[in-house]
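Scroll down for the structure; my scribbles are underneath it.
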């Protein structure tokens, strides 16, 4: 069974996001590519054969539409699928979101860290709750409004700290969900 912790990027701060001071600079979380939701074993193998083993590596090689198109052609992937994995990888960078909730956010209409940073917790939470309950049929497992607010706060902190996609070029160890 794999751990639900992201790959270490060299940070020695082991506190949870709720314990971090609000002014603390955050590092983007990096996850093993295999942990992205909806990624088949065949597509995972294509990405890994192309030198992409983590979410930050994918973001580093697919920073704009022309890079995504070229990467999809080179690896024999559908551009729409690659675009979805890029969006999931971007959202998974946010501490507290990771691979566990990036798909939920994407299906709730949030397609990027910047979009999440601009969201209102009180507007996003009902959509997250409806979707989560519809998928799992369990209201008790739904993320709380305070968790959604924390995701938004962490997204804002990531954007302010400059923890951006270029981290992929010096990617550290991968996290496992």
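The values are calculated or read from the model by the stated rules, or taken from the named source; none is laboratory data. Here the structure is a predicted model, which means the values were calculated and not measured. Note: ideal-geometry Cβ built from the backbone for every residue, glycine included; neighbour counts use all protein chains shown.
Of all residues in the stretch 56-66, those that are free of Cβ contacts under 8 Å to residues at least 40 places away in the same chain and surrounded by 14 or more Cβ atoms within 10 Å (Cβ to Cβ) total 1.
Restricted to the stretch 48-141, the set of helices (runs of 4 or more DSSP H) holding at least 1 residues that are touching a strand residue (DSSP E or B) at 6+ places or on another chain (Cβ under 6 Å) comprises 55-61, 79-92, 98-107.
Inclusion of residue 29 among residues that are touching a helix residue (DSSP H, G or I) at 6+ places or on another chain (Cβ under 7 Å), farther than 24 Å from residue 156 by Cβ and modelled with pLDDT of 85 or more is not warranted. Consider the stretch 107-124 and keep the residues that are crowded, with 19+ Cβ neighbours inside 10 Å and free of Cβ contacts under 8 Å to residues at least 24 places away in the same chain. The one that is farthest from residue 27 (Cα to Cα) is 108.
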